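Rule-based calculations on the coordinates, nothing more; no lab input. Computed from a predicted structure; not experimentally measured. In this analysis, Cβ positions are derived from the backbone assuming ideal geometry, glycine residues included, and neighbour counts consider all displayed protein chains.
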Amino acid sequence: MKTTDMDMSYEAVMARKSEIMKASVGIDYAEFESGSIAFDFERMMKETGYTLEEMREIQRETGVGNTPILELKNFTALARKYAPEGKGARIFLKDEASNPSGSFKARRAAISVYNAKKLGYKGVIAATSGNYGAAVASQACMRGLKCIIVQECYDSQGKGQPEIIEKARKCEAYGAEVVQLSVGPELFYHFLKLLEETGYFNASLYTPFGIAGVETLGYEIAEQMMEREGRLPDAVVATNAGGGNLTGTARGLIKYGATDVEIIGASVDLKGLHMASDKQFNKKSFTTGHTGFGIPFATWPDRSDVPRSAGRPLRYMDRYVTVKQGEVFYTTEMLAQLEGLERGPAGNTSLTAAFSLAQEMDQDQIILVQETEYTGAGKHILPQLTFAKENGIEIFRGNPADSENGVNIILPDNPGLIKAVDLDILKMKRSYVKNCIENTGVKNPTEEDMEFLAEDTKSTKVYISKILEEI
Amino acid sequence: MKAFKGNWVRIYDVVLTADERAPQVPDDTKSVPLEMWNKGFLVDDEAEIGDRVTVETYIGRRIEGELIEINPAYDHNYGKCIPELLYIGRQTRELLEEGE
């Protein structure tokens, strides 16, 4: 598409959003729409995705997946010290940092990039400040496609999170172009302009390809645990941000037949910090895996960069907990010091939750943490806490429950103070339903809508009717 | 400092001025422009820091911006010593040993 004669103003580009999207993801989302609230999620996943076997083959070609599962015996022993008699489940960890780009995101990128190549696109673009950018850049490199990564990186003072700067370096190492922007949701506007200008594939995190790629992770967990322990884990904890990690993992477990595994989402509690605020951008120490993405995306997944997000966490989540920044930093240090595994902080969000949750479970039960991520300069507890101090955040030892986001980071005085805190998942289901009604403007939901809402919230039509009466 | 054609440089540009920003952004963000940084090989014959230049990005796109750095380096690192973290390893090891 020639962009030289077109109106490139914010309003004009945003108005062309649906045609740009259609051309850049090769999916006509309208085909799956009912015209009301409901859309055919399973048909979308099936018709635009690949079978599990095909995905495993695609991932094998570029060395993705088949990561080891490690038992964290010292974590388990320590957790049992704080657990009631007979409690303290065994803690296992799937070491996803062993993927080519250093995180589970390689699974998502592998399918997106393969699909882009198959459809004849010359390059791929992804909007992400995180591990996904590195994953797309790495996969594009392996498949011989060009790659542009768009990052939200700096505040108006030109100060950037060391973790994001490291991610830019990693993308460039794989030959990608990295466009760095200052804070603001208009990143999406620039992203659309780039898609229009280049005609590249939108390797969105939220397309069916991006989500389905994680299904192999859930499937591997079941397969490897059966082989190793002769049984499935009782609970799997997934760090939750945009919802794709949890959705894909749960779907993979279900595809194996592991329908009874409890699926627990975990996010870093960043309550009180506005994600689009220039002044608060550098007051946080986590750039992903936090509630600033986790809650809005769970209660309205279709806010993503495609018309219908394939990441729909409430469809699969049994429980959703938060942990504090200081607890994740402590756990990251503990993982290095007790288990000899140095991994990136953000990926240890679910591990932090698991250390606490294991204490509620019986000793003969198993809790499995489904990811780790690489660590390195910038993306490590030392530079991230150095940056926090430079931004006026106080760091001290105490009870993390007293911490105040944007003001301090409290490292637990002892590991017994690491406590996963439950979010009210029923309240989130209610706000999801409310958002569906408000955003679609549908006054009288159809029978099909009711069924869809029940499935999308892992509940029943009776429960949905009750919510609808209340709102 | 001067940059010459073909040098690897970093450029800066404003994508949206403060008054062009989206209506939904918070006030503090709305009061500043949306800025952009990118890198590429200098297309112009020569330029000084601060000049408006054209570059060819690593994947071959041509874009314009203000020249801000020649041979841009990564300066992120492992930060400073954080003494507040030093107790964690010893504490957790001691706790584990207690039970044995």
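The table below gives the values:
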quantity	calculated
Under 5 Å, built H, 5+ apart or other chain: amide partners of A:Val369	A:Phe92, A:Leu93, A:Lys94, A:Val237
Ranked by how many other beta carbons lie within 10 Å on average, peptides A:250-262, A:179-191, A:233-245, A:350-362 from highest	A:233-245, A:350-362, A:179-191, A:250-262
Lys, Arg +1 and Asp, Glu -1 on Cβ, resulting dipole of chain A about Cα centre, debye, nearest 20	620 debye
Pairs from A:Lys105/A:Lys379; A:Lys283/B:Lys80; A:Lys193/B:Lys2; A:Lys283/A:Lys379; A:Lys105/A:Lys255 whose Cα-Cα separation, in the structure shown, is over 25 Å	A:Lys193/B:Lys2
Among A:Pro296, A:Gly35, A:Leu341 the positive-end extreme of the charge dipole of chain A (Cβ point charges)	A:Leu341
Semi-axis lengths, Å, chain B, gyration tensor of Cα atoms, sqrt of 5 times eigenvalues	44, 23, 12
C-alpha center-to-center spacing [the stretch B:17-82, the stretch A:237-308] in angstrom	30 Å
Cβ-Cβ FRET estimate between A:Ser9 and B:Tyr12, R0 fixed at 22 Å, reported to 0.05	0.55
Sparse-neighbourhood loop sites, trypsin sites (Lys or Arg not before Pro) in the stretch A:422-471 - DSSP loop, at most 16 other Cβ within 10 angstrom	A:Lys443
Principal-axis tilt of helix B:87-98 within chain B, Cα atoms, nearest 10 degrees	30 degrees
Estimated vicinal HN-Hα couplings, Hz - the stretch A:120-137 in sequence order (Karplus 6.51, -1.76, 1.60; Gly, Pro = x)	x, 5, 8, x, 10, 10, 9, 9, 6, 9, x, 4, 5, x, 4, 5, 5, 4
Highest-fluctuation residue, B:Ala47, B:Ala22, B:Ala73 considered, GNM on chain B with Cα pairs under 10 Å	B:Ala22
Test item: B:19-30 mean partner chain Cβ contacts at 10 Å	6
Exercise: per-residue mean of other protein chain Cβ atoms within 10 Å, A:461-468	0
Per-residue [θ]222 nm for chain A (sum of -39500 (n - 2.57) over DSSP H runs n ≥ 4, rounded to 500)	-13000 deg cm²/dmol
Percent of beta bridges antiparallel (DSSP, the protein assembly as shown, rounded to nearest 5)	50 percent
Cβ-defined net charge surrounding A:Glu166, 13 Å radius [Lys, Arg +1; Asp, Glu -1]	0
Loop-located chymotrypsin sites (Phe, Trp or Tyr not before Pro) in the stretch B:49-100, at most 16 other Cβ atoms within 10 Å (DSSP)	B:Tyr74, B:Tyr78
Vicinal HN-Hα couplings computed from phi for the stretch A:247-257 (Karplus, 6.51 cos²θ - 1.76 cosθ + 1.60; Hz; Gly/Pro x)	4, x, 4, 4, 5, x, 4, 5, 4, 6, x
Kirkwood Rh (inverse of mean 1/r, distinct Cα pairs), the protein assembly as shown, angstrom	24.3 Å
Pairwise centroid distance, computed over Cα atoms, of the stretch A:132-178 with the stretch A:421-471, Å	37 Å
Of B:Ile68, B:Ala22, B:Leu95, farthest towards positive along the dipole that unit charges on Lys, Arg, Asp, Glu beta carbons give the stretch B:8-100	B:Leu95
Average partner coverage of B:57-63, which counts Cβ from other chains inside 10 Å	6
